[in-house]
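A.B. asks: First the structure, which I've put down as structure tokens, then a few questions once you've had a look.
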Amino acid sequence: MKSSYRKPLICTIILLIMIGILSLLEGNTAFVEHYFSRSWYPLFSYLPQFVLGYLPFSFGDLFYAGIIVYLLVLFISIFKYLLKKTYTKSIQSAIYLINMILGLYLFFYISWGMNYYRSPIAQNTDLSTDSLKLADYLILLEKSLDSTNYLRSQVNPKDWVAKSEKIKDDMERLVITDTTFQYFLSTTLIHAKGPLNSSWVSYFGVSGYFNPFTHEAHVNQAMPVFSSPFTYVHELAHQQGIGFEDEANFIAYVRLKNHPETFYRYSNYLQTTSYLLRELRGIDKDLFLTYKDRLSSAVLSDLKEEAEFWSTYTGWINKVSDLFYNGYLKHNNQSEGLARYDRMTRLVLAYELKQHGCLVKPKTTK
């Protein structure tokens, strides 16, 4: 082995061993829940909180841009050396590229990604989603439809267009003060911000996103305002250590359903009703159309506005982004991919049944 290869190859081996150890730990849900999600992650979060948490701009967006540029430079250098037949430098650059990717992969899981393998929220909240019935689902949908229609009659979303900072502050305060899930979620860092450019983010079809490297939660500032409150709480749930998309949606539902501000409750029920209807469409399209027709004209107008907004940005970037993120979710313990978002309806139904004393989680035997 040439001496110029020795150190980078040793680094590669060490990274692979560490990734292998993490892969083994992923299978131990109890270990991940207790030692990573409830112990390591809340402690480690102090670092990005202290360094990056309250910067007025997204450092994470700059980080992503820098990584992409650096990886492209390494790719170009590999081909450049190959064309010049300087194979030693080409191999060195390839090893550096591999180590860079392995290092990012490892840091992703050490920093936040292991949360994908923690105990399910149904277990942490004592919910059962195994024996849900369509009849109960339809009752929940009816109530959600009625709440959405009523709340929309009490608010005008246009009054909130210029209140994005207030919405952000209120949602952060809600998450900080809420005690419903506090016993298993991190409260080290509760802070959200907008992307460097919300229009660019919209081309990826993204309403909000969490950066697992810098722990910054972002919410798209360009989308219709009635989507913002729900999205803020969803992304802050990721910041608190929730990996699964349906669980972040469920947490947003529970935290917002009884909020004293009518507009925030409307944002919650509008999103929840949309998920409930979308799930029903996959079960019975005629039944879906029947229930959708019960939405008020004002609610339908908001849904149309939201659809038209996203259609403006639909294109090849959005399609590639969906394909990538679908694969990303499947790789990270969510076999349903993007469809995982819709599964929040099962958690909501199980929660409401439990709240009304209709469903008790069965005891397990040892």
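The values are calculated or read from the model by the stated rules, or taken from the named source; none is laboratory data. As the structure is a computational prediction, the values presented were derived from the model and not from experiment. Neighbour counts run over all protein chains shown; Cβ positions are idealised from the backbone, glycine included.
A.B. asks: Could you list, in sequence order, the residues of region 21-51 that are more than 28 Å from residue 121 (Cβ to Cβ) and exposed (fewer than 12 other Cβ atoms within 10 Å of the Cβ)? Lay out the reasoning, then the answer.
C.D. replies: Let us first name the residues in region 21-51 that are more than 28 Å from residue 121 (Cβ to Cβ), namely 50-51.
Of everything in region 21-51, just one residue is more than 28 Å from residue 121 (Cβ to Cβ) and exposed (fewer than 12 other Cβ atoms within 10 Å of the Cβ), namely 50.
A.B. asks: Could you please give the count of residues in region 213-229 that are touching a strand residue (DSSP E or B) at 6+ places or on another chain (Cβ under 7 Å) and either assigned to a loop (DSSP other than H, G, I, E, B) or touching a residue at least 40 places away in the same chain (Cβ under 8 Å) (or both)? Steps first, please.
C.D. replies: Filtering region 213-229 down to residues touching a strand residue (DSSP E or B) at 6+ places or on another chain (Cβ under 7 Å) leaves 216-220, 228.
Now drop any that are not either assigned to a loop (DSSP other than H, G, I, E, B) or touching a residue at least 40 places away in the same chain (Cβ under 8 Å) (or both), which leaves 216, 218-220, 228.
Residues flagged as touching a strand residue (DSSP E or B) at 6+ places or on another chain (Cβ under 7 Å) and either assigned to a loop (DSSP other than H, G, I, E, B) or touching a residue at least 40 places away in the same chain (Cβ under 8 Å) (or both) within region 213-229 amount to 5.
A.B. asks: Follow-up. With the requirement that a residue be closer than 25 Å to residue 120 by Cβ and either without any contact (Cβ under 8 Å) to a residue 24 or more places away in the chain or polar (S, T, N, Q) (or both), what does region 144-176 give you? Spell out how you get there, then give the answer.
C.D. replies: Taking region 144-176 and keeping what is closer than 25 Å to residue 120 by Cβ, we get 144, 171, 174-176.
Selection gives 144, 176.
A.B. asks: May I pose another question? Please determine, by comparing only the residues of region 202-212 that are in contact (Cβ under 8 Å) with a residue 40 or more places away in the chain and either out of contact with any helix residue (DSSP H, G or I) (no Cβ under 6 Å at 6 or more places or on another chain) or assigned by TED's automatic domain parsing to the domain that holds residue 67 (or both), which one is surrounded by the fewest Cβ atoms within 10 Å (Cβ to Cβ).
C.D. replies: Across region 202-212, the extreme among qualifying residues is 206.
A.B. asks: Considering only region 131-177, state which residues are crowded, with 18+ Cβ neighbours inside 10 Å and outside any helix (DSSP H, G or I).
C.D. replies: Of everything in region 131-177, just one residue is crowded, with 18+ Cβ neighbours inside 10 Å and outside any helix (DSSP H, G or I), namely 155.
A.B. asks: Please go through region 294-326 and pick out each residue that is more than 19 Å from residue 224 (Cβ to Cβ) and at pLDDT below 95. Can you show your working first?
C.D. replies: First pass over region 294-326, keeping only residues more than 19 Å from residue 224 (Cβ to Cβ): 294, 315-317, 319-326.
Correct list: 315, 316, 317, 319, 320, 321, 322, 323, 324, 325, 326.
A.B. asks: Take the conditions outside the structural domain of residue 329 (by TED's automatic domain parsing), over 26 Å from residue 198 (Cα atoms) and not hydroxyl-bearing (Ser, Thr, Tyr) and apply them to residue 65. Does it pass?
C.D. replies: Details: outside the structural domain of residue 329 (by TED's automatic domain parsing): yes; over 26 Å from residue 198 (Cα atoms): no; not hydroxyl-bearing (Ser, Thr, Tyr): yes.
Criteria not met by residue 65.
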